[in-house]
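Beneath this line is the structure, given in structure tokens, with notes to follow.
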Amino acid sequence: MSRCATCLCTAPTTACDTRRALFASRVSHSLATVRSVARRQGVVLRPLAPGLLEAEGDDLPALVTEVAAALSSVESAEVRCLLTGATGSGPDLLVQALTAPSLAAAAARLRHADLVPLFADEEARFHAEYQPIVRMDDGGVVGHEALLRATGVDGARIMPDQLFPAAEEAGWTHVLDRVGRTTAIRDAGPWLAEDLLFINFVPTSIYRPEVCLQTTERAAEKAGLRLDQLVFEVTEGHVVDDVDHLARVFEHYRSRGCRVALDDLGSGWSSLALLVRLKPDIVKLERAIVQSLPEPAAVAVVSAVVDITHSYGGLVLAEGVETEEQARVARELGADLGQGWLWGRPVRPTTAVAAVPTRALPGTAPDPSWPDAAVALDPRAEQPQEPARPADRDLLARAVGLTGSSVVVVDALAPDMPIVYVNDAFAEVTGYPAEDSVGRNCRFLQGPETDRAALDELAAALRAGQPHRTTLLNVRRDGTTWWNELHLSPLRDAGGQVTHFVGFQHDVSDRVAAEEALRERAGTDPLTGTLNRTALLSELDRQVRSPGAGPVVLFVDLDGFKRVNDRFGHTVGDLALGAVADRLRSVVRGGDLLARLGGDEFVLVLGEVDVPADDDGPSSALAGALAAAHRVAADVERVLAVPVELPGGR
């Protein structure tokens, strides 16, 4: 089996044949339960230190199992249990004690000891089955998802829903996850050709990506697969407590040329939060959502995920498609890829297939979060000791010129850091050709609405010679604006001095607009277009905490509105609420806020309130607030006194 040096993922450890066990706990009543069970079984216990008991006997696995059953799940997780062959109390015992599992895990390892022979002969016991992934527009196969399977020593087939829960209970998830990755790659090597390979992984099984994923990279090299063929996907079934850690794992995969995916996406705000934070290359819609199409709720979820994913150049995969109707609706909603029994069930390839031409992914747009691989420069790389040959320089210039990413190079040693090079993509995005850009500082792309704070941070990075990443509102030559995601990298000479900065620019206007629209929808009442309850309470909280007299609030409740719904129906009632909201807008001033609290209740929050000329402190402020409230209240009563005309002249 493939190995990391001295790493836990090489093989699991389970109970050995021994007459010695150690129980450790900081909870006295937990150890009291251990003593009670031991007495019933006739096992002798000896205290070695405060909180540490030693057991000797012929059937210690039975003792461990019964103690785990007698304790609560919280107690079993706190008690440590070591079954060992080490004698005495020397270093060998200390080493084993430091790696002792919890009592719950120790008992699970006894229950699931049948996993150990599988891990011991993993190449014979584990294999992968593969399900095709297709383009939604024409059904062409672009990749395959690997699904781990195992064969027991008795020849029985073992599925993932048996393997992973057992491994998690026993604390062996890191072992099984590593086996799953390497097995998927090993079995696909003979036949994958140029297709993509989708591989599931558990993020909590990876402690440090640059170390723990070396076995995966070596497996790909041995199988003859390129890293850019691999798509690593994490399912939301695995709880992500540390999103920063998952982001680092994603970053490592991407730095090696792999793609990353989020699986089972579509249920709950956590899904959208992960999506916006991580911006995976491929998003896999949850099977239950896809199979609910074309129900309105499922359509709404799919539409939202598609809009967000496409805004940054990602692809959406509809998983679990079983009918032509589901495929049609998913395709119409914008899904790029499909997977499910409609196109094929998971199978274990028996023979290698002939190489096929490369199949391009549909509508692949460059991910604005990552520089184009053709021009990505590592500022830490050693500079060549000899000057590049003219042919090399010409090749580099043509390669950079052809890339779809906007590239600009500035001279860090010249006064005002002028531009010395831009490629054709820069001219296409900004409207400024090279002859109008070279020699000028990049600030000519800035406008009055460009964020000054972001510019100050950029200037600080330039002065410090540090890489920097920011998003700025820039202005094109024709006066239109665009959101520029800028990746800035310093270039150093052999002595370490920064000589140039290279900027990779990406037009992310669509993404920014989508994020702004998402934020706006989150704070807007969809029926009336006013602020909703959440946005109102947030604004009131802000005003209450701000210095000053505090907000002036008017509560508007429509009397007898229930009779409108009861007599004419909720559709007509909704029209009436919309008309009321329009009338309330007509009386609020520019700095005022209008919100629908819920049902037929509205709230107005007044902005600036005039203070009387004879200002004498808080009493004058209160008088001014009351006067403003009475004026607006009178306006509200006036506009709402006019009857609302319903459809049909009612």
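The values are calculated or read from the model by the stated rules, or taken from the named source; none is laboratory data. Keep in mind the model is a prediction, meaning the values are calculated, not measured. Note: ideal-geometry Cβ built from the backbone for every residue, glycine included; neighbour counts use all protein chains shown. Just so you know, the surface numbers come from the protein's heavy atoms only, side chains and all, with ligands and any DNA or RNA stripped out. Shrake-Rupley method; radii C 1.70, N 1.55, O 1.52, S 1.80 Å.
Just one of the listed residues (Ala220, Ala150) is open to solvent by less than 20 Å² (accessible area, probe 1.4 Å), outside any helix (DSSP H, G or I), without any contact (Cβ under 8 Å) to a residue 60 or more places away in the chain and over 30 Å from Gln326 (Cα atoms), namely Ala150. Checking the condition over 27 Å from Leu163 (Cβ atoms), among the charged types (D, E, K, R) and at pLDDT 85 or above, which residue from Arg80, Arg46 passes? The conditions single out Arg46. Residues that are under 26 Å from Val276 (Cα atoms) and free of Cβ contacts under 8 Å to residues at least 12 places away in the same chain: does region 156-166 have at least one? There is no residue in region 156-166 that is under 26 Å from Val276 (Cα atoms) and free of Cβ contacts under 8 Å to residues at least 12 places away in the same chain. In the set (1) modelled with pLDDT of 90 or more; (2) closer than 25 Å to Val498 by Cα; (3) of a type in the set (Gly, Ala, Ser), Ala434 fails one condition alone, (1). The lone criterion from (1) open to solvent by 10 Å² or more (accessible area, probe 1.4 Å); (2) under 25 Å from Ala107 (Cα atoms) left unmet by Val179 is number (1).
Pairs linking a residue in region 253-266 that is among the aliphatic types (A, V, I, L, M) to a residue that is open to solvent by 10 Å² or more (accessible area, probe 1.4 Å) and at pLDDT 90 or above, with Cβ atoms under 6 Å and 6 or more positions apart or on different chains, are Val260/Asp281. Taken as a whole, the structure places Asp510 among residues that are open to solvent by 30 Å² or more (accessible area, probe 1.4 Å) and under 30 Å from His310 (Cα atoms). When residues of region 542-556 are filtered for being within 18 Å of Phe602 (Cα to Cα) and surrounded by fewer than 11 Cβ atoms within 10 Å (Cβ to Cβ), how many remain? Result for region 542-556: 1. Hey, could you check region 252-270 for residues that are surrounded by fewer than 15 Cβ atoms within 10 Å (Cβ to Cβ) and at pLDDT 80 or above and say which is farthest from the chain's Cα centre (by Cα)? For region 252-270, the residue satisfying everything is Gly257.
Of the strands (runs of 3 or more DSSP E) that lie entirely inside region 523-640, those containing 1 or more residues that are at pLDDT 85 or above, among the hydrophobic types (A, V, I, L, M, F, W, C) and over 30 Å from Ala300 (Cα atoms) span 552-557, 601-606. The single condition from (1) small (Gly, Ala, Ser); (2) open to solvent by 30 Å² or more (accessible area, probe 1.4 Å); (3) under 19 Å from Leu230 (Cβ atoms) that Ala156 fails is (3).
Among the residues of region 557-599, those identified as within 15 Å of Leu640 (Cα to Cα) and open to solvent by 70 Å² or more (accessible area, probe 1.4 Å) are Asp557, Asp559, Leu575, Asp582, Arg585, Ser586. The residues in region 173-200 that are under 19 Å from Leu115 (Cβ atoms) and out of contact with any Ser or Thr (no Cβ under 7 Å at 6 or more places or on another chain) can be counted, and the count is 6. Taken across region 223-237, residues that are assigned to a loop (DSSP other than H, G, I, E, B), open to solvent by 30 Å² or more (accessible area, probe 1.4 Å) and closer than 25 Å to Asp161 by Cβ do occur, with at least one present.
Table: residues versus (1) part of a helix (DSSP H, G or I); (2) surrounded by 14 or more Cβ atoms within 10 Å (Cβ to Cβ); (3) on the phi > 0 side of the Ramachandran plot.
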| residue | (1), (2), (3) |
| --- | --- |
| Ala453 | yes, no, no |
| Leu458 | yes, yes, no |
| Leu462 | yes, yes, no |
| Trp483 | no, yes, no |
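Yes/no per residue for (1) surrounded by 23 or more Cβ atoms within 10 Å (Cβ to Cβ); (2) of a type in the set (S, T, N, Q); (3) over 22 Å from His506 (Cα atoms):
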| residue | (1), (2), (3) |
| --- | --- |
| Ser292 | no, yes, yes |
| Pro296 | no, no, yes |
| Ser303 | no, yes, yes |
| Thr309 | yes, yes, no |
| Gly320 | no, no, yes |
| Glu325 | no, no, yes |
| Asp336 | yes, no, yes |
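For region 34-53, the set of residues classified as under 21 Å from Ser72 (Cβ atoms) and not hydrophobic (A, V, I, L, M, F, W, C) consists of Arg35, Ser36, Arg39, Arg40, Gln41, Gly51, listed by residue number.
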